[in-house]
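A quick write-up on the structure given underneath.
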Amino acid sequence: MLYRRWPQRDDLLLVTLAKFWQPIAVPDTGGLRDDAVGFLRNADADRASMITLMSVQLVDYFRDTGTSLEELRDTLITPGQATAFEMIVARAVERGELPDVPRSSRVVNLPLDLLRHEMFMTMRAVPEESIVEIVDEVWLPLLLGLPGTSPTTSV
């Protein structure tokens, strides 16, 4: 019966995910740090159980189709729409918290990448202290160019 409406497994998966994969609320607290921590909290609350379930349930799908979770995610987002962290950084620039300089997408979006990595590695929600550490000890020093974060610094 399902195959009459959705002849390909991919079609059914995309329709199902589009229905349940809602955007994560991007807070506007008036501060860069609080916006970033708030968004990661929202992402963790909204996605932790879904991402771990998807990673287990969709392994065969990704293997059979030769696709990845990244490609699946990209089909669910609106092309050209700013990411949550692009919005957070843009607001911080408008408020004068950050200089208006070019930043790589990798640096801007790093907090969500680190949160996702933590979810996949632990297969559970990310603890509050890890969320704060991602923002305070990794992302903000990188964004603000604080000492010790220069690409030329040796490790």
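A few remarks follow.
- Some residue of segment 42-62 being modelled with pLDDT of 85 or more, of a type in the set (D, E, K, R) and at negative phi: yes
- Hits in segment 56-78 (condition: open to solvent by less than 40 Å² (accessible area, probe 1.4 Å) and part of a helix (DSSP H, G or I)): TYR61, PHE62, LEU72
- Extreme residue, modelled with the highest pLDDT, among residues of segment 7-24 that are open to solvent by 60 Å² or more (accessible area, probe 1.4 Å) and not in a helix (DSSP H, G or I): PRO23
- Pairs where the first residue, in segment 58-76, is closer than 14 Å to GLN22 by Cα and the second is part of a helix (DSSP H, G or I), C-beta under 7 Å, 6+ apart: THR75/LEU14; LEU76/LEU17; LEU76/ALA18
- Test result for ALA92, small (Gly, Ala, Ser), surrounded by 11 or more Cβ atoms within 10 Å (Cβ to Cβ) and touching a residue at least 60 places away in the same chain (Cβ under 8 Å): yes
- Only residues that are part of a loop (DSSP other than H, G, I, E, B) and either under 18 Å from VAL26 (Cα atoms) or not β-branched (Val, Ile, Thr) (or both) were counted in segment 97-116, giving 8.
- Meets criteria (at pLDDT 80 or above, over 12 Å from the mean Cα position of the chain (by Cα) and among the basic types (Lys, Arg)) for ARG124: yes
- Residue pairs whose Cβ atoms lie under 7 Å apart, separated by 6 or more positions or on different chains, with the first residue in segment 29-42 and open to solvent by 50 Å² or more (accessible area, probe 1.4 Å) and the second acidic (Asp, Glu), are THR29/ASP35.
The values are calculated or read from the model by the stated rules, or taken from the named source; none is laboratory data. None of these values were measured; they are calculated from a predicted model. Here the Cβ is made from the backbone with ideal geometry for all residues, glycine too, and neighbour counts use every protein chain on show. What goes into the accessible areas is simple: the full protein's heavy atoms, side chains included, and nothing from ligands, DNA or RNA. Shrake-Rupley method; radii C 1.70, N 1.55, O 1.52, S 1.80 Å.
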